[in-house]
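Values in this text are rule-based calculations from the coordinates and carry no lab data. Predicted, not measured: the structure shown is a model, and the values here were computed from it. So basically every Cβ, Gly included, is an ideal-geometry build from the backbone, and we count neighbours across all protein chains shown.
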Amino acid sequence: MTTISLCMIVKDEEEVITRCLESVYEIVDEIIIVDTGSKDKTIDLVRKYTSDIYNFKWIDDFSKARDFSFSKATKDYILWLDADEIIDELNQKKLLSLKKSLKDNIDAITMETHMCIDENGNPKIISRRNRIVKRENNFKWIGFIHEYIDIDGNILESDISIIHDKIKCIDDRNLRIYKKNLELGNKFSDRDLYYYGKELYCNLMFDEAINILEEFVSRDVWEEELVDALCKIGECYMYKKEMKKAREYFYKTFEYVEPRGEIIYNIAQSFEKERKFIQAITWYEVILNLPIPKNCRQCINLGCWRFKPHLNLCACYFELNDIYKSYYHHKKCQEINPLDKIVIENEKYFKSIIREK
């Protein structure tokens, strides 16, 4: 049977490390833990699962830390996880089955990552990444932040999913690392520029984000990242309350890709923010007629394809005093996620209206 090394880099993960290792330790054949400076009980907890623990001086470079962890592996294949990720029971069985049947002509295996789990246990966001690689191929990580494995060869797309359940807030750590590299005069790759712009956006530095992402989209870059960058620029203008300018960037994406739920949702929301409810309703309803994608290319925000459009349609129709259509979309939200806090509050409100009438 194929053997697997689990390789992880950690720092101050006492809140999550046990659940992560519990979910996988009976499947893998070796656990390599590289600590980059923990000051809590992380390593004490890790020792219950492995003695293969190494220290690595943190130098603001995730790829170098991950490459170091990979260098310590001794098994046929390497699986990487972050400490705030878990593999549930169903996917543990899938992973064990894959391990038993895996042929040595496979160079890498992709898995879905499920993020932002809702109250019903369903992911709001799905992405796909290379998760298992053949050790002897000596694949390397690329990028000091938002790192990825440089893969070639025979890649297997599996049906295994990993749950990313983030607890710890990272604040502006990534942004500080980018700025440090700029101060050192390090040249940014296209990918670095793309993620730097997104970090500026996440830290509400919208004018700077626009400038960086404008530079990025002017280059010959991967279409998926180009489209996402255009959307981020549009969202920056939305935050600046420049809705017409925002829509210019959302519309530009149609030159490269088919209409997508996330893009159209932004267009609809921009009209709603201007209280142009008829236009907003038209765009939200376009989304509901699109088929939900089955395979993610980079990242899918599932909420923008059904739940959020219904929720916004509920609000828009209410603003137009069309209570019946508003209630209809509320019930659609309830079908999708009855435990959502807004849905629960809306249900109480609609019940009070029904009682009055």
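Amide H contacts of GLU30 (H built 1.01 Å from N, in plane; Pro and chain starts excluded): ILE4, LEU6 sit under 5 Å, all sequence-distant by 5 or more or on other chains.
Axis angle, to the nearest 10 degrees, between helix 89-101 and the longest C-alpha principal axis of the chain: 50 degrees. Past 23 Å, Cα to Cα: identify those pairs from LYS276/LYS325; LYS198/LYS252; LYS252/LYS325, in the order given. Long pairs (Cα-Cα over 23 Å): LYS252/LYS325. Across segment 4-164, Cα-Cα distances exceeding 24 Å account for 31% of all pairs. Give the angle, between 0 and 90 degrees and rounded to the nearest 10, that separates the Cα long axis of helix 243-252 from the longest principal axis of the Cα atoms of the chain. Between helix and principal axis, roughly 60 degrees. Applying a DSSP loop filter and a limit of 15 other Cβ atoms within 10 Å to the GluC sites (Glu not before Pro) in segment 75-182 leaves GLU119. Note on segment 173-356: with charges restricted to the Cβ of Lys and Arg (+1) and Asp and Glu (-1), its dipole about the Cα centre is near 540 debye.
Loop-only check: which GluC sites (Glu not before Pro) in segment 204-281 are DSSP coil with at most 16 other Cβ within 10 angstrom? In loop regions of segment 204-281 (DSSP not H, G, I, E or B), the sparsely surrounded GluC sites (Glu not before Pro) are GLU242, GLU274. Each residue of segment 9-25 was assigned a 3J(HN,Hα) from its phi angle through the Karplus expression (A = 6.51, B = -1.76, C = 1.60, θ = phi - 60°), giving 10, 9, 7, 6, 10, 4, 6, 10, 5, 5, 5, 5, 5, 4, 7, 9, 5 Hz with x at Gly and Pro.
Structure shown: which of LYS11/LYS168; LYS168/LYS294; LYS241/LYS273; LYS308/LYS332; LYS166/LYS348 lie over 19 Å apart, alpha-carbon to alpha-carbon?
Details: LYS11/LYS168 11 Å; LYS168/LYS294 30 Å; LYS241/LYS273 9 Å; LYS308/LYS332 10 Å; LYS166/LYS348 31 Å.
Table pairs above 19 Å Cα-Cα are LYS168/LYS294; LYS166/LYS348.
Once a ≥ b ≥ c are taken as the square roots of the eigenvalues of the Cα gyration tensor of segment 179-278, is the result rounded (a/c under 1.5), prolate (a/b larger than b/c) or oblate (a/b not larger than b/c)? It comes out oblate by the Cα gyration axes. In terms of the Cα gyration tensor, with a ≥ b ≥ c the square roots of its eigenvalues, is segment 103-197 rounded because a/c is under 1.5, prolate because a/b exceeds b/c, or oblate? Judged from the Cα gyration tensor, segment 103-197 comes out oblate (a/c at least 1.5, b/c at or above a/b). Gyration tensor over the Cα atoms of segment 173-356: the corresponding equivalent ellipsoid has semi-axes (square roots of 5 times the eigenvalues, largest first) of 36, 17, 16 Å. Applied to segment 222-232, the Karplus parametrisation 6.51 cos²θ - 1.76 cosθ + 1.60 on θ = phi - 60° returns per-residue 3J(HN,Hα) values of 4, 4, 5, 6, 4, 5, 5, 5, 4, 5, 5 Hz, with x for Gly and Pro.
Given charges of +1 on the Cβ of Lys and Arg and -1 on the Cβ of Asp and Glu, with all other atoms neutral, how large is the dipole of the chain about its Cα centre, in debye to the nearest 20? Mind showing how you got there, number by number?
Numbers: 56 positive and 64 negative charges, 153 e Å.
Around 740 debye, computed over the chain.
Ranking VAL16, LEU311, LEU184 by Cα position along the charge dipole of the chain, where only Lys, Arg, Asp and Glu carry charges on their C-beta atoms, puts LEU311 farthest toward the positive end.
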